Amino acid sequence: MTATDPVANLQTLIRCPSVTPAEGGALSALDAMLSPLGFKVDKVMATEPGTPDVENLYARIGDDGPHLMFAGHTDVVPVGDETAWTYPPFAAEIAGGEMFGRGAVDMKGGIACFVAAVARHVEKHGAPKGSISFLITGDEEGPSINGTIKLLQWAAERGERWDACVVGEPTNPDALGDMIKIGRRGSLSGKITVHGVQGHAAYPHLADNPVRGLLQLTTALMDPPFDGGTESFQASNLEVTTVDVGNPATNVIPAKATASFNIRFNDTWTADTLRAEIIRRLDAAAAEGVLRPGREPVRYEIIWADRPSHAFLTRNNALIASLSSAVENITGKAPKLSTTGGTSDARFIKDYCPVVEFGLVGQTMHMVDERVSVADLETLTQIYQTFIERWFENAGA
């Protein structure tokens, strides 16, 4: 049963050039791995006006009992300067005990290992005492509109229900066994525009420089801190990510200035309470500040980005204990339970079932010469295989 080998699985997947949103043959390759194991495989095309069509895959083995989902994505980010790679980015070359290729760790490697783990489980025990499904998108690295969120809706409308999920993102910072993600901070973005009066830099009394007001507003957003963190989450943090006046001339005071920001927030806040706090800070700073002495208060407007991500924390002992004990059994390390990092598709899955994340070491993700240790592929497969057995035991299968 060739699907039992995670190295061969990953080579097959890397050799599919599935740069988001292109399927690149990756989902067809995954179908070919899963169908012989007894999975019923569906490919689902999702569409949305103004966005690229995306093909996704849902596969299930088993009809009842506890239902375990594995979620991930086969789409990858662009390779960048291909000539800078030591080996072609879609060749899946192995050298020095490492496999090179775009998607090696983010996250075709995790998919390859879970497929191998399931194949070994079926080879050893037969069909699972319950159900296992794969929910795989081609839109995680893209807009995330026609991917996991729509595939979940599609499956749920057909009666699919899940008891737990593992997302195979690369969660380990340095070595396998370092970290399991049991939640994620929320993410909220916005863009502030401050309006002034354009004029000559040598005659400031005839103009109002909006940069002055923008500095006042952005300072108010970053200080004081929003909170000091919670038991499970680090402190919420806001970063100003762009500042722009659209002005190429050094002797012209601009008519407006804009700044974009993003805040990663903990469970002290919701998106709504955070918006209210940001508006409160901006209004206070605008009322206190003026662009020049004797002028009107700062005039601003704010536009919020669509679809903020919400902070969540998974509390499910059968899931967390099964995975933690599997990691410790195979690696000898007790993994840290963490909520650090950015967002992932777990933010959608949490609305359907308890979800955690565990995968490979993420040090080279999105980089030139993205690569994975061949030994880590075998280790992760063993972790997943042990987890599958323990989860079904703990879930009462």
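The values are calculated or read from the model by the stated rules, or taken from the named source; none is laboratory data. Note that the structure is predicted; figures quoted are calculated from it, not measured. Cβ: placed from backbone, ideal geometry, glycine included. Neighbour counts: every protein chain shown.
I want to confirm something. Restricting to the stretch 80-109 and keeping residues that are surrounded by fewer than 24 Cβ atoms within 10 Å (Cβ to Cβ) and among the acidic types (Asp, Glu), which single residue is farthest from the chain's Cα centre (by Cα)?
Filtering first and then ranking leaves Glu93.
May I ask you to verify whether Gln234 is over 24 Å from Ala249 (Cβ atoms), among the polar types (S, T, N, Q) and in the same structural domain as Pro254 (by TED's automatic domain parsing)?
yes
Within the stretch 230-245, can one find any residue that is touching a residue at least 12 places away in the same chain (Cβ under 8 Å), crowded, with 18+ Cβ neighbours inside 10 Å and either out of contact with any helix residue (DSSP H, G or I) (no Cβ under 7 Å at 6 or more places or on another chain) or more than 24 Å from Trp304 (Cα to Cα) (or both)?
Yes - at least one qualifying residue is present in the stretch 230-245.
Being part of a loop (DSSP other than H, G, I, E, B) and at pLDDT 95 or above narrows it down to one residue among Ala202, Ala257, Ala276; which is it?
The match here is Ala202.
Quick check on this structure: which one of Asp369, Asp351 is within 26 Å of Asn317 (Cα to Cα), assigned to a loop (DSSP other than H, G, I, E, B) and in the same structural domain as Ser324 (by TED's automatic domain parsing)?
One residue alone meets the criteria, Asp351.
Which of (1) closer than 23 Å to Ile132 by Cβ; (2) out of contact with any helix residue (DSSP H, G or I) (no Cβ under 6 Å at 6 or more places or on another chain) is the odd one out, the single condition Ala375 does not satisfy?
(1)
State all residues of the stretch 110-135 that are within 22 Å of Pro170 (Cα to Cα) and in contact with an Asp or Glu (Cβ under 8 Å, 6 or more places away or on another chain); if no residue qualifies, say none.
Selection gives Gly110, Ala116, Ser133.
Listed here are the residues, each with its yes/no results for (1) of a type in the set (Lys, Arg); (2) within 23 Å of the chain's Cα centre (by Cα); (3) more than 18 Å from Ser144 (Cα to Cα).
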residue: Thr4; (1), (2), (3): no, no, yes
residue: Ser18; (1), (2), (3): no, yes, no
residue: Pro21; (1), (2), (3): no, yes, no
residue: Pro36; (1), (2), (3): no, no, yes
residue: Lys43; (1), (2), (3): yes, yes, no
residue: Val54; (1), (2), (3): no, yes, no
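Could you list, in sequence order, the residues of the stretch 246-278 that are surrounded by 15 or more Cβ atoms within 10 Å (Cβ to Cβ) and hydroxyl-bearing (Ser, Thr, Tyr)?
Of everything in the stretch 246-278, those that are surrounded by 15 or more Cβ atoms within 10 Å (Cβ to Cβ) and hydroxyl-bearing (Ser, Thr, Tyr) turn out to be Thr258, Ser260, Thr268, Thr270.
Does Thr148 meet the test of being touching a helix residue (DSSP H, G or I) at 6+ places or on another chain (Cβ under 6 Å) and surrounded by 17 or more Cβ atoms within 10 Å (Cβ to Cβ)?
yes
Looking at Cys165 and the list (1) buried (at least 23 other Cβ atoms within 10 Å of the Cβ); (2) out of contact with any helix residue (DSSP H, G or I) (no Cβ under 6 Å at 6 or more places or on another chain); (3) outside any helix (DSSP H, G or I), which single condition is not satisfied?
Exception for Cys165: condition (2).
Only one of His205, His200 is surrounded by fewer than 23 Cβ atoms within 10 Å (Cβ to Cβ), in the same structural domain as Asp283 (by TED's automatic domain parsing) and farther than 30 Å from Arg281 by Cα; which?
Selected residue: His200, the only one of His205, His200 that is surrounded by fewer than 23 Cβ atoms within 10 Å (Cβ to Cβ), in the same structural domain as Asp283 (by TED's automatic domain parsing) and farther than 30 Å from Arg281 by Cα.
May I ask you to list the residues in the stretch 117-162 that are of a type outside the set (Ser, Thr, Tyr) and part of a strand (DSSP E or B)?
Ile132, Phe134, Leu135, Ile136
Only one of (1) closer than 28 Å to Ala104 by Cα; (2) without any contact (Cβ under 8 Å) to a residue 60 or more places away in the chain; (3) not in a helix (DSSP H, G or I) fails for Asn329. Which number is that?
So Asn329 meets the others, but not (3).
If Thr339 meets every condition in (1) closer than 15 Å to Pro170 by Cβ; (2) hydroxyl-bearing (Ser, Thr, Tyr); (3) in contact with a strand residue (DSSP E or B) (Cβ under 7 Å, 6 or more places away or on another chain) apart from one, which number is that one?
Evaluating Thr339 over (1) closer than 15 Å to Pro170 by Cβ; (2) hydroxyl-bearing (Ser, Thr, Tyr); (3) in contact with a strand residue (DSSP E or B) (Cβ under 7 Å, 6 or more places away or on another chain) leaves (1) as the failure.
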